[in-house]
1. Only one of (1) closer than 30 Å to residue 127 by Cα; (2) within 24 Å of the chain's Cα centre (by Cα) is not met by residue 59, so which one is it?
2. Of the residues that sit in segment 74-83 and are of a type outside the set (Val, Ile, Thr) and open to solvent by less than 60 Å² (accessible area, probe 1.4 Å), which one is nearest to residue 103 (Cα to Cα)?
3. Kindly indicate which of 92, 114, 107 is modelled with pLDDT of 85 or more, part of a loop (DSSP other than H, G, I, E, B) and of a type in the set (Val, Ile, Thr).
4. How about segment 50-73: which of its residues are surrounded by 10 or more Cβ atoms within 10 Å (Cβ to Cβ) and either in contact with a Lys or Arg (Cβ under 7 Å, 6 or more places away or on another chain) or hydrophobic (A, V, I, L, M, F, W, C) (or both)?
5. Among residues belonging to segment 120-135 that are among the β-branched types (Val, Ile, Thr) and without any contact (Cβ under 8 Å) to a residue 12 or more places away in the chain, point out the one that is farthest from residue 67 (Cα to Cα).
6. Taking only pairs six or more apart or across chains, which ones have beta-carbon atoms under 9 Å, a first residue in segment 41-69 that is within 30 Å of residue 9 (Cα to Cα), and a second residue that is aromatic (Phe, Trp, Tyr) and open to solvent by 60 Å² or more (accessible area, probe 1.4 Å)?
7. Can you tell me which residues in segment 24-33 are open to solvent by less than 60 Å² (accessible area, probe 1.4 Å) and either charged (D, E, K, R) or at pLDDT below 70 (or both)?
8. When segment 80-119 is examined, which residues are found to be touching a residue at least 12 places away in the same chain (Cβ under 8 Å) and among the aliphatic types (A, V, I, L, M)?
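The values are calculated or read from the model by the stated rules, or taken from the named source; none is laboratory data. Since we're looking at a predicted model, the values are computed, not measured. Reconstructed Cβ throughout: ideal geometry from the backbone, glycine too, with neighbour counts over all protein chains shown. For accessibility, only protein heavy atoms count, side chains too; no ligands or nucleic acids. Shrake-Rupley method; radii C 1.70, N 1.55, O 1.52, S 1.80 Å.
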Amino acid sequence: MAGDLNDPKYQDPVVVAAKRIAHHRRTARRVHRQPAGGRGLSRAQERGFTWGAVRAPEELLDDPHLHDRGFWKQVEHPELGRSFVYPGEAAIFSDSPWHISRRAPLIGEHNTEIYCAELGLSQGELSILAENRVI
């Protein structure tokens, strides 16, 4: 796989453009057979392919790059008495810093605001939906 991407034909934009679709399919099949983050993926990226590894969530938690950039954030859930790991900013912008402003809502936390204030249901109707486990 890595040898294939070292082939000089990949340096010629005309050759790459002419055979792009078939080439991408063949090369992608070979890369996808390798473990995520393998040498084939690195070689493809070095050649300008916009490819990235697709990883399981538990693999991402241990990713050194995400740790180095401080991607993972601890977010307190006072009502549960503990904190949880949340994903952080997708991109880092120096002039518009990003941060998590609050925890994710609990299940049903905003039911009254949504069902009653936004959708116009009465408290009684909301209670019936809850009693029947619709919400």
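1. For residue 59, the exception is condition (1).
2. Filtering segment 74-83 for residues that are of a type outside the set (Val, Ile, Thr) and open to solvent by less than 60 Å² (accessible area, probe 1.4 Å), the one nearest to residue 103 (Cα to Cα) comes out as 77.
3. So the residue among 92, 114, 107 that is modelled with pLDDT of 85 or more, part of a loop (DSSP other than H, G, I, E, B) and of a type in the set (Val, Ile, Thr) is 107.
4. 51, 53, 60, 61, 66, 71, 72
5. If we take residues in segment 120-135 being among the β-branched types (Val, Ile, Thr) and without any contact (Cβ under 8 Å) to a residue 12 or more places away in the chain, then 128 is farthest from residue 67 (Cα to Cα).
6. Pairs that qualify, where the first residue is within 30 Å of residue 9 (Cα to Cα) and the partner is aromatic (Phe, Trp, Tyr) and open to solvent by 60 Å² or more (accessible area, probe 1.4 Å): there are none.
7. 31
8. Once the filter is applied, which keeps residues that are touching a residue at least 12 places away in the same chain (Cβ under 8 Å) and among the aliphatic types (A, V, I, L, M), segment 80-119 yields 85, 92, 100, 104, 106.
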